[in-house]
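The values are calculated or read from the model by the stated rules, or taken from the named source; none is laboratory data. Computed from a predicted model, the values in this text were never measured in an experiment. We place every Cβ from the backbone using ideal geometry, glycine too, and count neighbours over all the protein chains shown.
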Amino acid sequence: MKNKLIYISIATLMMACGAPDKKAELEKLKKQKIEVEGKIAVLEEALAKSDTTTHKEKSIEVVAAALVPQTFKTYIEIQGRIDADENVALSSEVPGTVTKINVKVGDEVTKGQVLAETDARAMQQQIQDLQTNLDLAKQVYDRQKNLWDQKIGTEIQYLQAKTTKESLENKMGSMQEQIRMSKIISPINGTVDMVNIKVGQSVMPGLNAITVINFSNLKVKADVAESYANRVKTGNEVQVLFPDTKDSINAKVSYASRAISSLSRTFNVEVNLDNSKEYHPNMVAKLRINDFQSPSPEIVVPVKYIQRGTANNYVLVAENGKATKKIIKTNREYNGLIEVADGLKAGDMLITAGYDILNDGDLITLKNK
């Protein structure tokens, strides 16, 4: 286009002048051509510099953050419930009528304490009669033994006295056991949580009369799918959340069963609770069990900053005023974060805002968040 304009100019001049001296005119036009081409070159160079300056001014503003190694953790979340190992529903061991209740709801009781009694007057009368016979049998036995030791009397008399005494002692023991069975006795230390009987009420074995719970020995129990059997162990860190009270605690798995249920294909885990807070048996609890933790700090990035290439995944980092593509290799992913096994190092400036409109090599300007 430039050469065409030059030739048109030359032709116009030749026509205007009538070309009296074609050779001289040709030389003149050649000089003009050289001057015009020089001016064009100068203008093109100036325009090129101007375009570079404009491009620099149009660099893209981005936000970047330096990568800091951190411990990567993953969790499994399951639902469980609070349970008391020492949670007993007590009943009378023999049929009878309630004659006395010694406790009320909320009372603290100790192991072996009598909580309630049923009518045992008939058995007590039998014990009194039996005690009279037993006292007599003991006296007879003592005298026969004394005579036998002196070689007086017959062996049969001695053995009969001994047998009678021992038989009555066994009967006495049996009757005393029946008296004991007529009483409702606490087998643990704890708190009376429920009293379901009244004085004069008839009770039967198996009927829940009084409930005693040891609230100092509560734990959370849950069932975990067998696919986690190699990852959930005794001692794993766990966060226990209580949705009803909007509370949580940090603890450790106190027990992880090694047996898999053939019906549910799960295994049991337990977390002991302390007495620092108030808990209630059967309350719902959610467990976040730490099933993996990296052995040392490593590079971890949010998944949203990773871009998918045709063959590899990559992120963009800020280097020397430009966006630079970094091909990465990743491992585990959890809760929006992913382990980076290769491709990034501590201190790399990961572009966290504006990365979605950049290409590798684009000029960038860092700005504060």
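Where strands (runs of 3 or more DSSP E) fall entirely within the range 26-143, those with at least 3 residues that are closer than 27 Å to Ile184 by Cα are at 73-84, 87-90, 96-101, 114-118. The requirement of being closer than 30 Å to Ile101 by Cα and either modelled with pLDDT of 90 or more or surrounded by fewer than 16 Cβ atoms within 10 Å (Cβ to Cβ) (or both) is fulfilled nowhere in the range 254-268; no residue meets it. Condition first: of a type in the set (D, E, K, R), surrounded by 15 or more Cβ atoms within 10 Å (Cβ to Cβ) and touching a residue at least 40 places away in the same chain (Cβ under 8 Å). Can you find one or more residues in the range 110-122 that meet it? Yes; the residues of the range 110-122 include at least one that is of a type in the set (D, E, K, R), surrounded by 15 or more Cβ atoms within 10 Å (Cβ to Cβ) and touching a residue at least 40 places away in the same chain (Cβ under 8 Å). Looking only at the range 337-353, count how many residues are surrounded by fewer than 17 Cβ atoms within 10 Å (Cβ to Cβ) and more than 22 Å from Thr74 (Cβ to Cβ). Here the count works out to 3.
Going by the conditions given, is Ser216 among the hydroxyl-bearing types (Ser, Thr, Tyr), out of contact with any helix residue (DSSP H, G or I) (no Cβ under 7 Å at 6 or more places or on another chain), in a loop (DSSP other than H, G, I, E, B) and loosely packed, with under 14 Cβ neighbours inside 10 Å?
Working: among the hydroxyl-bearing types (Ser, Thr, Tyr): yes; out of contact with any helix residue (DSSP H, G or I) (no Cβ under 7 Å at 6 or more places or on another chain): yes; in a loop (DSSP other than H, G, I, E, B): no; loosely packed, with under 14 Cβ neighbours inside 10 Å: yes.
It is false that Ser216 is among the hydroxyl-bearing types (Ser, Thr, Tyr), out of contact with any helix residue (DSSP H, G or I) (no Cβ under 7 Å at 6 or more places or on another chain), in a loop (DSSP other than H, G, I, E, B) and loosely packed, with under 14 Cβ neighbours inside 10 Å.
The test for being of a type in the set (Asp, Glu), within 30 Å of Glu86 (Cβ to Cβ) and touching a Lys or Arg at 6+ places or on another chain (Cβ under 8 Å) holds for Glu117.
Select from the range 326-369 the residues that are without any contact (Cβ under 8 Å) to a residue 60 or more places away in the chain and of a type in the set (D, E, K, R) and write down the one among them that is nearest to Gln307 (Cα to Cα). Top of the filtered list is Asp356.
Could you list, in sequence order, all residues of the range 354-364 that are at pLDDT below 90 and either surrounded by 13 or more Cβ atoms within 10 Å (Cβ to Cβ) or within 30 Å of the chain's Cα centre (by Cα) (or both)? Give the steps one after another, and end with the answer.
We begin by selecting, within the range 354-364, every residue at pLDDT below 90; these are 354-362, 364.
Answer for the range 354-364, where residues must be at pLDDT below 90 and either surrounded by 13 or more Cβ atoms within 10 Å (Cβ to Cβ) or within 30 Å of the chain's Cα centre (by Cα) (or both): Gly354, Tyr355, Leu358, Asp362, Ile364.
Is the range 170-189 home to any residue that is among the polar types (S, T, N, Q), touching a Gly at 6+ places or on another chain (Cβ under 9 Å) and assigned to a strand (DSSP E or B)? No; the residues of the range 170-189 include none that is among the polar types (S, T, N, Q), touching a Gly at 6+ places or on another chain (Cβ under 9 Å) and assigned to a strand (DSSP E or B).
Residues in the range 317-340 that are in contact with a Lys or Arg (Cβ under 6 Å, 6 or more places away or on another chain) and either charged (D, E, K, R) or at pLDDT below 90 (or both): Glu339 alone.
Among the residues of the range 170-201, just one is surrounded by 14 or more Cβ atoms within 10 Å (Cβ to Cβ) and free of Cβ contacts under 8 Å to residues at least 40 places away in the same chain, namely Asn196.
Answer yes or no as to whether Ile260 is assigned to a loop (DSSP other than H, G, I, E, B), touching a strand residue (DSSP E or B) at 6+ places or on another chain (Cβ under 6 Å) and closer than 22 Å to Ile76 by Cβ. Explain how you work it out, then say what you get.
Details: assigned to a loop (DSSP other than H, G, I, E, B): yes; touching a strand residue (DSSP E or B) at 6+ places or on another chain (Cβ under 6 Å): yes; closer than 22 Å to Ile76 by Cβ: yes.
So Ile260 fits the description; yes.
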